[in-house]
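Scroll down for the structure; my scribbles are underneath it.
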Amino acid sequence: MILRSPPPKRLKSDAGGSPISANASGSGNQLVIYEDSPLPAPAPLQTSNDQSDQHLCTYQCRQMVKADVLDAFSKAEKQVQEYQTQLQTLNANFSEADAERKQLRDNLLYSKQELAAAKGREKMLQEQLLTEINNSQERYTKELQSCHELEVKLQNEMNLRKKAESSAATAEEKAKLLEDKLTQLSGSVDREKKRLNNDIAQLGKEAKLSVSRIGADLERMQCRAQNAETESNLLRSQLEHLKLKFDECLQEKTEVDKKLSSFTSQTASSSDNSVLIKHLQEEVKSYEAEVREARKLKSRHVDAELLKVKLLEENSRRERAESELSKMHELQLSMEMLNNELSSWKSLLNDIPGVSCPDDIVMKVSTLQNEVVQSSMKIEEANTRFKQLEVALEATQLGRQSAETEAALAKEKSEALKTDVKRIEVMLSLVTEEKEQLKAVVNELRKSTSEGSVPGAGATDGTLIQEFESSLAKKENYLKDLENDLSQLKDVNNRLRSEIELLNEKLVDEARRNKSLERDSDRLRSEISLLESKLGHGDYSAANTRVLRMVNTLGVENEAKQTIEALQAELQKAKERLQAVEELKNQSGDAGKLVDSHITGKIAQLKEQIATLEKREERYKTVFADRISVFRRACCELFGYKIVMDEHQRPNGIPVTRFTLQSIYAQNDDEKLEFEYESGNTSILNNGYASQGEIAKQIEIFIRKFNSIPAFTANLTMESFNRRTLY
Amino acid sequence: MASKTAAAKDIITLHGSAAIVSEFFCYAANSILYNRAVYPEESFVKVKKYGLPMLLIEDESVKSFMSNLTSQISEWLEAGKLQRVVLVIMSKATGEVLERWNFRIETDTEVVDKGVPREKSDKEIMREIQAIMRQVASSVTYLPCLDETCVFDVLAYTDTDVAVPFTWVDSDPKLIANPQMVKLHGFDTKIHKVDTLVSYKNDEWDEEE
């Protein structure tokens, strides 16, 4: 509004001051534009209107006022231009800011996408981690269980090892004790040997004495025999002489008899004849006496020959006795050795615990050997297990290293995420800085629009500013959301980091356990292979297992028979020796007693063996008899035939087995079938029953045609059964 | 004998399983004696068993030995006391053990104690036994030749509390020093599980190599 009257001119200082003041006021109020329509004037304008009312100006004043107004207008125009340039700059800035906003928006979207991708990746990672955690948890639980089991096994093995070591130590102690005892026994054996040698020397001396006595007796007998021989020779010569004489006497007797007969035929009898007869009778008597003497000599000769025979027998007996004496020495020695060994072993048996008879020693030694072997094997196994545990430790370390590498990879991933997060944070900071800058610009614009008065531009500027403010508000919201997301991501990252660390630890433990499990599996495989090799080798535990073998009854029977025969032969020999020794004993005195005792002892042992073998043979026979009877009865009941087996010999000497079958349904005893079995071939024999019409037909059909004896017998059984039951 | 046809599988009792195992051992022993020429070929007769032509010895003494053996084995199997059966081939002259045919037996104690039956197809058992018999026959290719006259014996590894008949005596295990071992197939009746293994003395030629 144009001031109607210029303000009063004041002194230069005042005038200068007033326009200055006016200008100042005007400048302070900026350009006051004349308008017909009333405008809401600010309060200072009202005061200026008041002043204008006061100030009535002349033309000069108007001109002055015009000049002032023009100046003010030019100034205002300049200001407007400045403001326009500022607007343009602001618009340029706004466009730049808009472009930047768009860029930021694009960046925001890009960052959002990246965030979403990162979120997706994190989710995937989380899922993977969760699955890995679940798997590792499962493995962890399994490995915990296996660890517990392995710990228990380790403890058991340690205990076993200790037990094995203790048992080995006890076995060693026992072995040492046994060795000591053995040395003691060997000393005692040596002492007894010396004593026995002394006894043997004494016995030898006694035997020598007895032998010398026997020799003396033999020499006596020899002398007697020689004397008897000489006597017999003499007697023989006498006998021959007497024989000759006897023959002569017989001849003379026959002549005399002839003569006597001739004399008796003649009647003449004279004293000479009677004298002759007497003489002849006397000669006959003498001859008879000589004959008697000759007979006596003959009998003596026979006695002498008998004595010779006896002498020879006695010589032979002497030789036998000498040989048997030498053998008896040896037998004595062997018997003594055996007795000593027996006594020593008996004493050993008494000393060894858990042994009651010699057979137990073998078992005991075998059990001890097995125990020692088992303990050594257990020790070796324990050593292998320790080595395997060491290997497992190394393997767990390798697993830990692999887990560490995996953890490093996870860390790298997390660091990459961190860098992404940082990058986003940096972008956000940049965006916030720009936002602040834009805010400051907006505030400046607001201020400028509030002081100046360009309504049209101001309106557009206001809308633009409002839009800009709205966009800024949106950006701020976006930024807040991003910040929230960032904070969440940071939290998630921290959680993930902690989980990763936990997982790393778990991975390390699990790797260790995996390796220990692998070691255990290798150990178990080796144990399995060891056990399989042991099984294949035939090893067994005497505590749980017993090895039996079946006695080959046929072989045992033959062996038993052979042993019985051998023992019987030995018994006969021993009996002969005993008889010889008894005869020697009768001849010699005391030497035979010792021989008897040893021989009787041996004979007693042999008799005992024979008795046991005979008992065994009888037992076998009874068992076989029972079995055979049971088998026969069963065959009879099952197949319906009583079978009798006989051994026959053909005329050509070949032995064959003959079977006689009688059906249980037979109506008389004549209904018998005879079969012959030779080297796997069975043939039917013709007899009265087999040659009957129907039977012969059946034989022809079943046996000759179809070559089936069982079919024939079955058919016969059925027919006889039917006959018995139905008819 | 050993099984009754049930709805789906064959039911196997303890008695039946023992009979199957003892019968298997009899045929396996005969097959080993034939393949290892312990007895001459003419002593054997061919029969059909397990779907294969099997050889059985005709010698009466060996037959009676085998029958007594299988009956005792069956008894011990039913009692659950038998752990192993070993067929040993020895040199007749020196008595040295040349081969050990090891039949290890695992018994289901629940069946022995409670008498519960099990189910398994007879055909499958027969197939398993058939495989073992084929392996026994083919063992000739890698087992060393038995050039000398040999005899055989049978050992039974039993529990210590088993009732021993008078025809059986305690024995040493007749082991081979440093043997070679070959594991063969096994079969399982669900009551008795039998594993076969042969261990033999190293051939002199192999030792030299």
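No lab work stands behind these numbers, since they all come straight from the coordinates. Treat the numbers as computed from the prediction; the structure is a model and nothing was measured. In this analysis, Cβ positions are derived from the backbone assuming ideal geometry, glycine residues included, and neighbour counts consider all displayed protein chains.
Converting phi to 3J(HN,Hα) with the Karplus coefficients 6.51, -1.76 and 1.60 and the offset θ = phi - 60°, region B:88-103 yields 10, 10, 10, 6, 5, 6, 9, x, 6, 7, 9, 9, 10, 9, 9, 10 Hz in sequence order, with x at every glycine or proline.
Taking the Cα centre of region A:166-244 as reference, the dipole from Cβ charges on Lys and Arg (+1) and Asp and Glu (-1) amounts to some 180 debye.
A straight Cα-to-Cα reach below 22 Å connects A:K296 with the lysines A:K243, A:K245, A:K253, A:K285, A:K308, A:K310, residues fewer than 8 places away in its own chain not being considered.
May I ask for log10 I(q)/I(0) of region B:65-163 at q = 0.13 Å⁻¹, from a Debye sum over the Cα atoms as equal point scatterers with solvent left out? For region B:65-163, the Cα-only Debye profile gives -0.65. Selection among A:L154, A:A175, A:L185 by position relative to the dipole of region A:97-186 gives A:L154 as farthest towards the positive end (Cβ unit charges, Cα centre).
The alpha-carbon of A:K194 sits under 14 angstrom from the alpha-carbons of these aspartates and glutamates, leaving out residues fewer than 8 places away in its chain: A:E336.
Cα-based radius of gyration for region B:24-82, normalised by 2.2 N^0.38 Å, reads 1.20.
Dipole magnitude for region B:78-209: about 620 debye, using +1 per Lys or Arg Cβ and -1 per Asp or Glu Cβ, origin at the Cα centre.
Does region B:1-137 classify as rounded, prolate or oblate by the C-alpha gyration tensor (a ≥ b ≥ c root eigenvalues; a/c under 1.5 gives rounded; else a/b over b/c gives prolate, otherwise oblate)? Because a/c hits 1.5 or more and a/b exceeds b/c, region B:1-137 counts as prolate.
So, R0 is 35 Å and r is the distance between the beta-carbons of A:V426 and A:T405; what FRET efficiency does that work out to, to 0.05?
With a Förster radius of 35 Å, E is 0.70.
Go through A:K364/A:K387; A:K153/A:K176; A:K364/B:K114; A:K112/A:K435 and tell me which ones have a Cα-Cα distance over 29 Å in this structure. Violating the 29 Å limit, Cα to Cα: A:K364/A:K387; A:K153/A:K176; A:K364/B:K114. Among A:S326, A:A216, A:T230, whose Cα projects farthest towards the positive end of the dipole of region A:195-349, with charges put on the beta-carbon of Lys, Arg (+1) and Asp, Glu (-1)? The listed residue farthest towards the positive side: A:S326. Excluding same-chain neighbours fewer than eight residues apart, the lysines reachable from A:K78 by a Cα-Cα span under 29 Å are A:K9, A:K12, A:K66, A:K439, A:K447.
For region A:89-98, the Karplus equation 6.51 cos²θ - 1.76 cosθ + 1.60, evaluated at θ = phi - 60°, returns couplings of 4, 5, 4, 4, 4, 5, 5, 4, 5, 5 Hz by residue, with Gly and Pro reported as x. Along its principal axes, region A:143-212 has C-alpha extents of 95, 17, 7 angstrom, given from the largest down. Shown is the FRET efficiency for A:R724 and A:V630, computed with R0 = 41 Å from the Cβ-Cβ distance and rounded to the nearest 0.05: 0.95. Amide hydrogen proximity for B:E119: with H placed 1.01 Å from N in the peptide plane, the residues at 5 or more positions away or on another chain lying under 5 Å are B:I12.
So which of A:K119/A:K480; B:K46/B:K183; A:K413/A:K490; A:K123/A:K474; A:K327/B:K92 end up more than 24 Å apart, counting from Cα to Cα? Result: B:K46/B:K183; A:K123/A:K474; A:K327/B:K92 exceed 24 Å. Note on A:E206 and A:K575: with the Förster distance fixed at 25 Å, the Cβ-Cβ geometry gives a FRET efficiency of about 0.50. Taking every C-alpha pair closer than 8 Å and separated by at least 6 residues, the mean separation divided by the residue count of region B:39-87 gives a relative contact order of 21 percent. Helical content alone sets the calculated 222 nm signal of chain B at -11000 deg cm²/dmol, taking -39,500 (n - 2.57) per DSSP H segment of four or more residues and averaging over every residue.
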